Amino acid sequence: MPTLSFKDRVVSVALTRAKELGFTTVSCASTGNLANSTAAIAAHAGLDCCVFIPADLEAGKILGSLIYSPTLMAVKGNYDQVNRLCSEVANTHGWGFVNINLRPYYSEGSKTLGFEVAEQLGWELPDHIVAPLASGSLFSKIYKGFNEFVEVGLVEAKNVRFSGAQAEGCSPIAKAFKEGRDFIQPEKPNTIAKSIAIGNPADGIYAVEIANKTNGNIESVTDAEIIEGMKLLAETEGIFTETAGGTTIAVLKKLVEAGKIDPEETTVAYITGNGLKTQEAIQAYVGEPLTIDAKLDSFETALERSRTLERLEWQQVLV
Ligand SMILES: Cc1ncc(COP(=O)(O)O)c(C=O)c1O
């Protein structure tokens, strides 16, 4: 994933089709990762690019687009307002919008996350998957990908349970699931998980349908739990994920603790973006390096101090 999120998959499909259709300018409404991928792949493909993001995104996501020299529009508003503006721009300019007029191709790109898992599990489907939900497209296309592999005979059919993860500060899909609704009530996002902060998700209702028919769940977690999830994955697996991955891990933990995922099941947690992109979210929770002089005694003193600190922290945990 050259731009460090799964969006490289969806954009490579969308922009391949954009070229075939003769578009010379490509665009998207993005929560950050999609803009990074669209700008990068447009640069590689020799297409003009203008991408739209909410103005309050993390520095890594802004830099991660600017480096490819697109026109970057930072809109004063949330993603849903950005998206609305983009629908109007798509109507007035003849541009290919990855997630608007090219959306069918973009969303098919997410099937590769289903294909890849089946292949990596030795041409078998897992028992359960947990994936983050923003618009709900990734979730529903993993489902489609699994079913297509069954249809062509590459894997045996299985009732894979589908569980979705949202941040409490933007959880319209989780709420619809929990309240047994067949419609999404849009909401205004307020969470550190900005990449999945879509208050009016286009494919939200399909995600609810899939979770229901596969006997899965859709859960939400607080920002504090998301940070814990990021740390847990880093400390136990050596994977530094962004806030969307922290959401997935926190929901996975919650579902296991609630007895809704059996630890003996083969469960796949989709970690869809890299932690270097959302440093602001985690900076205050990872401590500081020990700055020392280039002398052995300075090292020994610092080491002793850090061990004492560790012991004290453990004592506090035990109390
Ligand atoms: C890192 C990351 N994971 C997951 C998603 C969810 O994508 P979808 O809109 O397909 O639900 C996004 C969306 O932007 C994302 O950036």
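The values are calculated or read from the model by the stated rules, or taken from the named source; none is laboratory data. All values reported here derive from a predicted model rather than from experimental measurement. Here the Cβ positions follow ideal geometry from the backbone for every residue, glycine too, while neighbour counts run over all protein chains shown.
Within the stretch 271-319, restricting attention to residues that are touching a helix residue (DSSP H, G or I) at 6+ places or on another chain (Cβ under 6 Å) and of a type in the set (Gly, Ala, Ser), the residue that is nearest to residue 4 (Cα to Cα) is 273. Every listed requirement among (1) outside any loop (DSSP other than H, G, I, E, B); (2) within 16 Å of the ligand (Cβ to nearest atom); (3) touching a helix residue (DSSP H, G or I) at 6+ places or on another chain (Cβ under 6 Å); (4) over 25 Å from residue 108 (Cβ atoms) is met by residue 174 save one, (3).
Pick from the stretch 5-20 the residues that are in contact with a strand residue (DSSP E or B) (Cβ under 7 Å, 6 or more places away or on another chain) and away from the ligand (no atom under 16 Å from the Cβ): which of them is farthest from residue 107 (Cα to Cα)? Filtering the stretch 5-20 for residues that are in contact with a strand residue (DSSP E or B) (Cβ under 7 Å, 6 or more places away or on another chain) and away from the ligand (no atom under 16 Å from the Cβ), the one farthest from residue 107 (Cα to Cα) comes out as 18.
Looking across the stretch 259-294 at every residue that is assigned to a loop (DSSP other than H, G, I, E, B) and touching a Phe, Trp or Tyr at 6+ places or on another chain (Cβ under 6 Å), the one that is nearest to residue 130 (Cα to Cα) is identified as 272.
The single condition among (1) closer than 25 Å to residue 168 by Cα; (2) touching a residue at least 60 places away in the same chain (Cβ under 8 Å) that residue 265 does not meet is (1).
Is it true that residue 183 is aromatic (Phe, Trp, Tyr), modelled with pLDDT of 95 or more and closer than 24 Å to residue 113 by Cα? In short, no. Restricting 164, 229 to those that are away from the ligand (no atom under 13 Å from the Cβ), under 27 Å from residue 127 (Cα atoms), touching a residue at least 24 places away in the same chain (Cβ under 8 Å) and in contact with a Leu (Cβ under 9 Å, 6 or more places away or on another chain) reduces the list to 229. Please verify whether residue 228 is crowded, with 17+ Cβ neighbours inside 10 Å, part of a helix (DSSP H, G or I) and modelled with pLDDT of 95 or more, treating the condition exactly as stated. When the stated conditions are applied, residue 228 passes them.
Exactly one residue out of 24, 31 is farther than 27 Å from residue 170 by Cβ and either out of contact with any Gly (no Cβ under 8 Å at 6 or more places or on another chain) or crowded, with 23+ Cβ neighbours inside 10 Å (or both), and it is 24.
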